[in-house]
Amino acid sequence: MSKQIVVFNAGSSSLKFALYDLGGDGEEALVRGAVESVGGVSRMTVTSAGRPSTETRLEAAFSPQMALTQVFAWMSKEGLGADLVGAGHRVVHGGREFIEPVLVDASVLAKLATYNPMAPSHQPHNLAAIAAMARLYPKLPQIACFDTAFHAAKPRLASIFALPRALTEAGIQRYGFHGLSYDYIASVLPRHLGERADGRVVVAHLGHGASMCAMRGRRSVTTTMGFSALDGLMMGARSGAIDPGVLLYLLQEKGMSAAQLSTLLYEQSGLLGVSGESDDMRTLLASSSAAAENAIGLFVYRITSELGALAATLGGLDALVFTAGIGENSAEIRARVCEGARWLGAEIDSGANARGESVISASGSKVALLALHTNEEAVIATACRKMLGGEVHGAGSHR
Ligand code: ADP
């Protein structure tokens, strides 16, 4: 049996996993799956290459420990993971210190926990999975890969706020997120764009969380998320950029507590807050209500205005790439964003867009338009292969 690596992406109520051969060079996992809690019911779904997905209902309540135990029980039943040599984890925040994948020990874990307040809906869950793994397999090397890392070398002006210098020095700065996704897209861009891949590219990662990244030379030049994963675009349930005066007003005049404000901004805003119906784009696109259309309209408006700002930073635009749940799957949202990008020379091929092709620009379009599947797990697998001594030809980390 060949040596294998397991990759985890842990959230508040889900644990996604993927198993890779250490010696492989492919982006494709041997198996991938998720343990998640939907409406209080836990279930595990698994997809193996070439086989239909299976779904199993689980009796226990979701926790990282329970999810990991289930994943390993399933793998052992299937004869997988017997020669596991490491585990890779998506960790949202690496701060200023962790700008490369790192082997996690107790002191690294403690440092990473200091970033919990900057990404409260992600970081504690990412770290809980690492801690649970350490309890189950104390000797197995664990490697953390950071969403902030891809943006670490962006220019200083794209990294600081107009705040007193002492605060900047204390780490109150723009970090940026979704870096594993951007790293993957950057690594596959040449396949689709040839030499233009190194030009002025904006990638729109549009999932439950959403952000955009301006790249030149396939490196991050600036991005819409900043200190936390709240900034920038409107998201499923997060507000995105908001006048800080609103927050002061709610705190000082409306008597909101910090905890209430946090819930408002992370869980009750965005598509959910504006529509009053759902944080799920599919539900809103299927709805006939004016509030749902208003939420979709604002979502697109925010993307097109940020696109203008990012294109200005780049001094023009050679390519616009859509990715993640909404970007990969919604022809309607892509079409509406591209309509708002016509002034930049973007012209969509409606047929290619509707068919879900990778290249969706019309032949005369000045801006190449792409819709690409992202693969954050493949980037983590590549980092693990590098650190654990496998051969490395995989996705991501092209820098
Ligand atoms: P996460 O940030 O949780 O990884 P995803 O990248 O899976 O999120 O994206 C989730 C979002 O993608 C949801 O808003 C969902 O409605 C949306 N989505 C998935 N498929 C489609 C589709 N066919 N049309 C429109 N939106 C879609």
Calculated log₁₀ intensity ratio I(q)/I(0) where the Debye formula runs over C-alpha points of the chain, q = 0.07, 0.08, 0.14 Å⁻¹: -0.32, -0.42, -1.36
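Starting from the Kirkwood radius over alpha-carbon pairs of region 48-122, derive D by Stokes-Einstein at 20 °C in a medium of 1.002 mPa s and give it in µm² s⁻¹. Intermediate values should be presented prior to the final figure.
Details: Rh = 15.6 Å.
The diffusion coefficient I find is 138 µm²/s.
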Magnitude of the charge dipole, region 196-376, Cβ model with Lys/Arg +1 and Asp/Glu -1, debye to 20: 500 debye
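State the percent of C-alpha pairs, over all pairs in region 283-399, separated by a distance greater than 22 angstrom. Walk me through the numbers before you get to the answer.
Details: 3148 of 6786 pairs.
Cα-Cα pairs of region 283-399 separated by over 22 Å account for 46 percent.
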Cleavage-rule hits, chymotrypsin sites (Phe, Trp or Tyr not before Pro), region 142-228, DSSP coil, Cβ neighbours within 10 Å at most 16: 161, 227
Choice from 132, 311, 61 showing the highest fluctuation, given a GNM over the chain with Cα pairs closer than 10 Å: 61
Calculated FRET efficiency for the pair residue 166/residue 55, C-beta based, R₀ 45 Å, to 0.05: 0.30
Those residues of region 1-42 whose amide nitrogen sits under 19 Å from the label point placed on residue 139, 7 Å along Cα→Cβ: 1-6
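Between residue 335 and residue 78, what FRET efficiency comes out of the Förster formula 1/(1 + (r/R0)^6) with R0 = 41 Å and r the beta carbon distance, rounded to 0.05? If you can, show how the numbers build up before the last one.
Details: r = 42 Å, r/R0 = 1.02.
Working from the Cβ atoms, E equals 0.45.
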Most mobile listed residue (318, 349, 147) in the chain, GNM with C-alpha springs under 10 Å: 349
Å³ per residue enclosed by the Cα convex hull of region 1-73: 96 Å³
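Please label the shape of region 242-346 as rounded, prolate or oblate, based on the square roots a ≥ b ≥ c of the eigenvalues of the alpha-carbon gyration tensor (a/c under 1.5 means rounded; beyond that, a/b larger than b/c means prolate, else oblate).
Values: a/c = 2.63, a/b = 1.46, b/c = 1.80.
Judged from the Cα gyration tensor, region 242-346 comes out oblate (a/c at least 1.5, b/c at or above a/b).
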Equivalent ellipsoid semi-axes, region 4-146, via Cα gyration tensor eigenvalues times 5, rooted, Å: 24, 19, 13
Test item: Cα-centred dipole of the chain, Lys/Arg +1 and Asp/Glu -1 on Cβ, debye: 620 debye
Computed P(r) (all Cα pairs; region 144-204; 10 Å bins; percent): 20, 40, 28, 11, 2
The chain: DSSP helices with Cα axial extent of at least 24 Å and average Kyte-Doolittle hydropathy no lower than 0.0: 290-314
Residue among 347, 357, 306 with the largest mean-square fluctuation in a Gaussian network model of the chain, springs linking Cα atoms under 10 Å: 357
Among 310, 356, 374 - extreme Cα towards positive end, dipole of the chain, charges at beta-carbon: 310
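For 234, 256, give me the order by solvent-accessible area with a 1.4 Å probe, most accessible first, ignoring ligands, DNA and RNA. It would help to have the intermediate numbers written out before the result.
Values: 234 5, 256 50 Å².
Putting 234, 256 in descending order of accessible area: 256, 234.
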Per-residue [θ]222 nm for the chain (sum of -39500 (n - 2.57) over DSSP H runs n ≥ 4, rounded to 500): -11000 deg cm²/dmol
Order by protection proxy (mean Cβ within 10 Å, highest first), peptides 290-303, 8-21: 8-21, 290-303
Two-site label geometry, residue 285 and residue 2: point separation in nm, points 7 Å out along Cα→Cβ: 3.6 nm
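The values are calculated or read from the model by the stated rules, or taken from the named source; none is laboratory data. This structure is a prediction, so every number in the text was calculated from the model and none was measured. Cβ: placed from backbone, ideal geometry, glycine included. Neighbour counts: every protein chain shown. Side chains included, ligands, DNA and RNA excluded: accessible areas come from the protein's heavy atoms. Shrake-Rupley method; radii C 1.70, N 1.55, O 1.52, S 1.80 Å.
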